[in-house]
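Here the structure is laid out as structure tokens; the discussion comes afterwards.
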Amino acid sequence: MMQEIMQKIENQKTERLKYIYSKISQIPCSIKELSSELKVCTKTIKRDLESLKAIKIGNKWKIEVDTIEVFYQNLAYWDDFNLPKSSEKSIFIQMGVEKLDDEDLKNFKILEEMIKNKKEVIFDFRGISFSIKPLKLAFFSGFWYLLGLDSVKQDKFKKFYFKDIKNIVEGKKSFEVEFALEEYLKNADSVWFGCNSFSVRLFIEAPIVKYFQRKPLKTQKILGKDKDGSLEIEVQISNEMEILPLIYSYMPYIKVLEPRSLQESIKKTLKAYLKSIK
């Protein structure tokens, strides 16, 4: 009987930790807010935040999730919670992450080390040899990519699908990364991003506002709120494909206000689609 009670308590803690982790990795929250939402005392919430290694900023807490940390969490996050075997029938977890084999994991660690040490790397990618200044291992839509500068082509920015990188060799040269580039990489939200950005203004109708509040886009700025609950936001992108899938998924509750070129691109696509299904 006592064992069942202890197991129940542990399961409740597990679910609470998962909720807190998911919440503060997107939006900073105070202990009071989390305590109210989860109906537990503030001391318990404080212990949970400390166990998750959350960072306190003012009176709010958050988790800084960079791509390297996400990688290790994908491997070990659920094991760390020690979910009981009985949970397998009642809990469904769709990670949406491609599997990495032993060779992939070995290459990942090699690249991670070179990124940390700022060493050039030479490798084969789809039959072509590259000399790259590796900047970041990025996780986009369930797939891993290496972001870097092509040393041969005047440091042209490039992206490589990780599993297609073969025969990795450490180069002889070291390099430095400009602060502006490091900051820009932090806002990378999809494989389509590049180094030249432009702003997009969107009108978000009330029925879908909650989704943009729960998980704001990385560069999202709220420009205005209407009495009916709708929002006007601005985001920075470098390629239309960074924002188009989002717009299509939330139609008709989202509208492009600026730029005009993006409005016309969407109209053209929709007209072609409607014509094709007549």
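The values are calculated or read from the model by the stated rules, or taken from the named source; none is laboratory data. Since the structure is predicted, the reported quantities are computational estimates derived from the model, not experimental observations. A quick note on method: Cβ atoms are made from the backbone with ideal geometry, for glycine too, and the neighbour counts reach across all protein chains shown.
Residues of segment 126-152 that are closer than 18 Å to PHE108 by Cβ and touching a helix residue (DSSP H, G or I) at 6+ places or on another chain (Cβ under 8 Å): PRO134, LEU135, LYS136, LEU137, ALA138, PHE139, PHE143, TRP144, TYR145, LEU146, LEU147. Note on segment 199-231: residues that are in contact (Cβ under 8 Å) with a residue 40 or more places away in the chain and closer than 15 Å to VAL256 by Cβ total 8. Can you spot a residue in segment 58-77 that is assigned to a loop (DSSP other than H, G, I, E, B) and modelled with pLDDT of 80 or more? Looking through segment 58-77, at least one residue is assigned to a loop (DSSP other than H, G, I, E, B) and modelled with pLDDT of 80 or more. Filtered by the rule that a residue be aliphatic (A, V, I, L, M) and within 28 Å of SER197 (Cα to Cα), segment 142-172 gives LEU146, LEU147, LEU149, VAL152, ILE165.
Pairing residues of segment 44-55 that are more than 15 Å from LYS32 (Cβ to Cβ) with residues that are among the aromatic types (Phe, Trp, Tyr) and assigned to a helix (DSSP H, G or I), at Cβ distances under 8 Å and at least 6 apart in sequence or on separate chains, gives LEU52/TYR21. SER22 fulfils the conditions (1) closer than 20 Å to GLN213 by Cβ; (2) in a helix (DSSP H, G or I); (3) modelled with pLDDT of 80 or more except for a single criterion, (3).
Considered as a group, the residues in segment 129-160 that are in a strand (DSSP E or B), hydroxyl-bearing (Ser, Thr, Tyr) and surrounded by fewer than 19 Cβ atoms within 10 Å (Cβ to Cβ) include one that is farthest from the chain's Cα centre (by Cα), and that residue is SER129.
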